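Comments concern the structure below.
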Amino acid sequence: MLKLVNLNVDIADGPILRDISCVFERATTVGVVGRNGAGKTTLLRSIMGLCRLRTGEIWLDDIDLSRLPGHLRAQHHVGYAPENRVIFPSMTVEENLRLPCKAQKLSRQAIDQRLEVTLGVVPEIEPMLQRSGAALSGGQGKMVALGRALMVGTRLLLLDEPFQGLAPKLSNLYTEALSRLKGVRPELSVIITESNTKLLGAIPDHVWTIERGAMWLNLEEKP
Ligand SMILES: Nc1ncnc2c1ncn2[C@@H]1O[C@H](COP(=O)(O)OP(=O)(O)O)[C@@H](O)[C@H]1O
Ligand SMILES: [Mg+2]
């Protein structure tokens, strides 16, 4: 479970996140929807320790992530696929996938096992494994970014606008990957941001709205 308590984040002295308190349960997929500039990326970056909090706490079960420097947060099994995918162009896709696990000093055997699970969830990555990270289209890069986040994100997965710019066919493949993921890691919490609720379809169990840095739960019934 991820619990945000009274988060306030300022950038250049202006308030960007305002008094955000919410709980993301285990085994749930939650959408955070808001227009451009609402604060979605800042929210995910704050959870990862890439933005300084003015106030607040970020609890992952009984660990206060907000007391940990950014580079130690992913070690608590948090995976993050940023909005602009950040695949290293000088490495192959497979090296890109293995990298975050290597950084955490997982054994070769453990990394092989993670890779197998990841390819089971996102099989589209398999034929790209030996390709250079520089040779991917935007959509392929998003699939690889999902895979890389899955390699470490066995407890919490943060996906920043994954559907933005994806062609309908890839969008469907991405959705199928997320539904396979629920079967493989049923306890995982997933947070997906989007600017357009429709793109999320039936994926999220709940949707939060974010507007000018404030967040509230959408109480409309799931369609
Ligand atoms: N590095 C930055 N410098 C100044 N303002 C920023 C910076 N990053 C984000 N902002 C501002 O913070 C607000 C929220 O941005 P962001 O979290 O990127 O929104 P979203 O992801 O919902 O589009 C916006 O008003 C944006 O202009
Ligand atoms: Mg954003």
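The values are calculated or read from the model by the stated rules, or taken from the named source; none is laboratory data. Keep in mind that this is a model prediction, so the values were computed, not measured. Note that each Cβ is placed from the backbone with ideal geometry, even for glycine, and that neighbours are counted across all protein chains shown. Ligands, DNA and RNA are stripped out before the accessible areas are found, and what is left, the full protein with its side chains, is counted by its heavy atoms. Shrake-Rupley method; radii C 1.70, N 1.55, O 1.52, S 1.80 Å.
Between amide H atoms placed 1.01 Å from N, distances below 5 Å from His206 occur with Thr29, Gly31, all of them 5 or more places distant or on a separate chain. For the peptides 180-187, 39-46, 193-200, the ranking by packing is 39-46, 193-200, 180-187, with the highest mean count of neighbouring Cβ atoms within 10 Å listed first. Calculated [222 nm] ellipticity per residue, helices only, for the chain: -9500 deg cm²/dmol; basis is -39500 (n - 2.57) per DSSP H run with n ≥ 4, divided by all residues, nearest 500.
Taking a ≥ b ≥ c as the square roots of the eigenvalues of the Cα gyration tensor, the range 39-117 is classed as oblate, since a/c reaches at least 1.5 and a/b does not exceed b/c.
In the range 48-207, taking the dipole from charged Cβ atoms about the Cα centre, the farthest positive-side position among Ile87, Val190, Leu146 is held by Ile87.
Magnitude of the charge dipole for the range 154-223, about its Cα centre and with charges confined to Cβ atoms of Lys, Arg (+1) and Asp, Glu (-1), is about 240 debye.
Could you work out how far the C-alpha centroid of the range 122-196 sits from that of the range 42-85, in angstrom? The distance from the Cα centre of the range 122-196 to that of the range 42-85 comes to 20 Å.
The order of Trp208, Trp59, Trp216 by accessible area, most exposed first and with a 1.4 Å probe, is Trp216, Trp59, Trp208. Does the range 92-201 classify as rounded, prolate or oblate by the C-alpha gyration tensor (a ≥ b ≥ c root eigenvalues; a/c under 1.5 gives rounded; else a/b over b/c gives prolate, otherwise oblate)? The shape class here is oblate.
Rolling a 1.4 Å probe over the protein chains gives Phe88 an accessible area of about 90 Å². Remark: the chain carries 49 Å² of accessible area per residue (probe radius 1.4 Å; ligands, DNA and RNA excluded). Relative to the longest principal axis of the Cα atoms of the chain, the long axis of helix 93-103 makes an angle of roughly 60 degrees.
For the range 1-96, applying the loop criterion from DSSP together with a ceiling of 15 other beta carbons within 10 Å to the GluC sites (Glu not before Pro) yields Glu25. Considering only Val117, Ala177, Ile58, and ranking their Cα positions along the charge dipole of the chain that arises from unit charges at the beta-carbon of Lys, Arg, Asp and Glu, the one farthest toward the positive end is Val117.
Accessible surface of the range 1-111, 1.4 Å probe: 50 percent of it comes from carbon and sulfur atoms. The overall shape of the range 73-113 is oblate: from the C-alpha gyration tensor, with semi-axes ordered a ≥ b ≥ c, the ratio a/c is 1.5 or greater and a/b is no larger than b/c. Phi angles across the range 174-185 convert, under the Karplus curve 6.51 cos²θ - 1.76 cosθ + 1.60 with θ = phi - 60°, into 3J(HN,Hα) values of 4, 4, 5, 4, 5, 6, 5, 4, 4, x, 7, 10 Hz, Gly and Pro given as x. When only the Cβ of Lys, Arg, Asp and Glu is charged (+1, +1, -1, -1), the dipole of the chain relative to its Cα centre reaches about 420 debye.
Within the chain, the proportion of Cα pairs with more than 27 Å between them is 29 percent.
Of all lysines in the structure, the ones whose alpha carbon falls short of 17 Å from that of Lys40, not counting any fewer than 8 places away in one chain, are Lys3, Lys198.
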